[in-house]
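All remarks here apply to the structure that follows.
The values are calculated or read from the model by the stated rules, or taken from the named source; none is laboratory data. Computed from a prediction, not measured in an experiment: that's the story for all the values here. Cβ coordinates were reconstructed from backbone atoms using ideal geometry, including for glycine residues, and neighbour counts include every protein chain displayed. The protein model used for the area step is the full one, side chains on, heavy atoms only, and it has no ligands, DNA or RNA in it. Shrake-Rupley method; radii C 1.70, N 1.55, O 1.52, S 1.80 Å.
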Amino acid sequence: MTTFLTRIPRGQMMVIELQNPTLRLNLGKSPSGAPQPQLDIIVPRDSNPRRLSGTLLAFAANLELNTPARERWTVKTERVQEPNHGRVYLELAEGDAAEAKRGMMLLGRLRGYP
C-alpha cells in the first residue's frame, strides 16, 4: 500500500491508503482549446471498480479543499475508456497561462511534488 497526502500547508489533509496508483501530471487542452491541468490516475488492473472511483474522488476532494478561495476553476473527474484509468482535471475560469500554472502547481503538490 502507498500512503499519500499527509498535509499541505494551507489546510488539514486526510491520510489515504491507495494500492500503488500510477499518477501522471500533464497540461492537456479542453475541447475549446484552453489549457487544462490534469492528473491521470491508473490503478492496478486487478482493482475493484470502486477503487478507481474512490481514488478519483479522494484526489478531487483534496484538490477542492486546498484550492485557494480566490481561484474560480472547477474541479472535475472523469473515467477514461480503460476500466482502471481516470483523471482529475481543472476547468479553468480564465484559461490563461498564469491560471494553468497555478493549477499545475497545486496538482503537483497533491501528487507529492513540492
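Quick look at the numbers
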item: All strands (runs of 3 or more DSSP E) inside the range 1-79 with 1 or more residues being open to solvent by 60 Å² or more (accessible area, probe 1.4 Å) and at pLDDT below 95; result: 2-4, 16-18, 22-29, 74-79
item: Subset of the range 64-83 [in contact with a Leu (Cβ under 6 Å, 6 or more places away or on another chain) and either over 20 Å from SER32 (Cα atoms) or touching a residue at least 24 places away in the same chain (Cβ under 8 Å) (or both)]; result: TRP73
item: Residue count for the range 55-111, restricted to those that are of a type in the set (Gly, Ala, Ser) and within 11 Å of the chain's Cα centre (by Cα); result: 6
item: Residues of the range 80-92 that turn out to be in contact with a Phe, Trp or Tyr (Cβ under 9 Å, 6 or more places away or on another chain), over 15 Å from LYS29 (Cβ atoms) and not in a strand (DSSP E or B), as a count; result: 0
item: Scope the range 93-105; condition in contact (Cβ under 8 Å) with a residue 60 or more places away in the chain and either touching a helix residue (DSSP H, G or I) at 6+ places or on another chain (Cβ under 6 Å) or under 12 Å from LEU25 (Cα atoms) (or both); matching residues; result: GLY103, MET104
